[in-house]
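Single-structure report; data block below.
The values are calculated or read from the model by the stated rules, or taken from the named source; none is laboratory data. Everything numeric in this text was worked out from a predicted model, so none of it was measured. As a convention, Cβ positions derive from the backbone with ideal geometry for all residues, glycine included, and neighbour counts pool all protein chains shown.
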């Protein structure tokens, strides 16, 4: 079933739309939430919250990409959950390391959750990603969107861990330069 057909089902308020989302995207949403949270029960809750958000927001919203919409909702909710779970005790897991790596290129006073919401920053990031080679884009997204470790990213992309670290450093440097050019980042 196409995403448009699934969206039409949700507009009709048919619960079959949720079943189709679960069938088509459930395992991907579960994998994302589990990667970010590291706990199967929390991940399952986040995925269920994602389904509920789709039900609540569609209609009136008709997302351009259902998959992107669902992944963004799932990621946002998982990050919010992680933030509440780690508010007292920071650390552990891969996500704090990912956010720490990005801190050096983010505008002052922001963190990895805030910067994804800024429109001009989002547009700059989208343009930056489009300009990357397919391999560089995959490496960047696997590390900074999906939160894979450097080792996992390197393995999944068929490069050495050292080359992956160097590539990620260069990509962060290029992104920082781009943010500076666009006036989104300043010291």
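Residues that are modelled with pLDDT under 65, surrounded by fewer than 14 Cβ atoms within 10 Å (Cβ to Cβ) and farther than 22 Å from residue 179 by Cα do not occur anywhere in the stretch 120-135.
Checking the structure you have, find out if any residue of the stretch 49-71 is surrounded by fewer than 16 Cβ atoms within 10 Å (Cβ to Cβ) and either within 20 Å of residue 148 (Cβ to Cβ) or in the same structural domain as residue 147 (by TED's automatic domain parsing) (or both). Working first, answer last.
Taking the stretch 49-71 and keeping what is surrounded by fewer than 16 Cβ atoms within 10 Å (Cβ to Cβ), we get 52, 55-57, 59-62, 64-65, 67-68.
Okay, now just the ones that are also either within 20 Å of residue 148 (Cβ to Cβ) or in the same structural domain as residue 147 (by TED's automatic domain parsing) (or both), so 67-68.
Yes, because at least one residue in the stretch 49-71 is surrounded by fewer than 16 Cβ atoms within 10 Å (Cβ to Cβ) and either within 20 Å of residue 148 (Cβ to Cβ) or in the same structural domain as residue 147 (by TED's automatic domain parsing) (or both).
Checking each residue in the stretch 35-56 for being part of a helix (DSSP H, G or I), farther than 12 Å from residue 75 by Cβ and either under 14 Å from the mean Cα position of the chain (by Cα) or in contact (Cβ under 8 Å) with a residue 40 or more places away in the chain (or both) picks out 42, 54, 55.
Among residues that are touching a residue at least 12 places away in the same chain (Cβ under 8 Å) and at negative phi, residue 182 is included. All of (1) modelled with pLDDT of 95 or more; (2) within 23 Å of residue 142 (Cα to Cα) hold for residue 40 with one exception: (1).
Which residues, taken from the stretch 58-75, are in contact (Cβ under 8 Å) with a residue 12 or more places away in the chain and part of a helix (DSSP H, G or I)? Write out each step before concluding.
We begin by selecting, within the stretch 58-75, every residue in contact (Cβ under 8 Å) with a residue 12 or more places away in the chain; these are 58-59, 62-63, 65-67, 69-71, 73-75.
Within the stretch 58-75, 66, 67, 69, 70, 71, 73, 74, 75 meet the criteria.
Considering the stretch 157-187, the residues that are over 15 Å from residue 129 (Cα atoms) and at pLDDT below 90 include one that is surrounded by the fewest Cβ atoms within 10 Å (Cβ to Cβ), namely 187.
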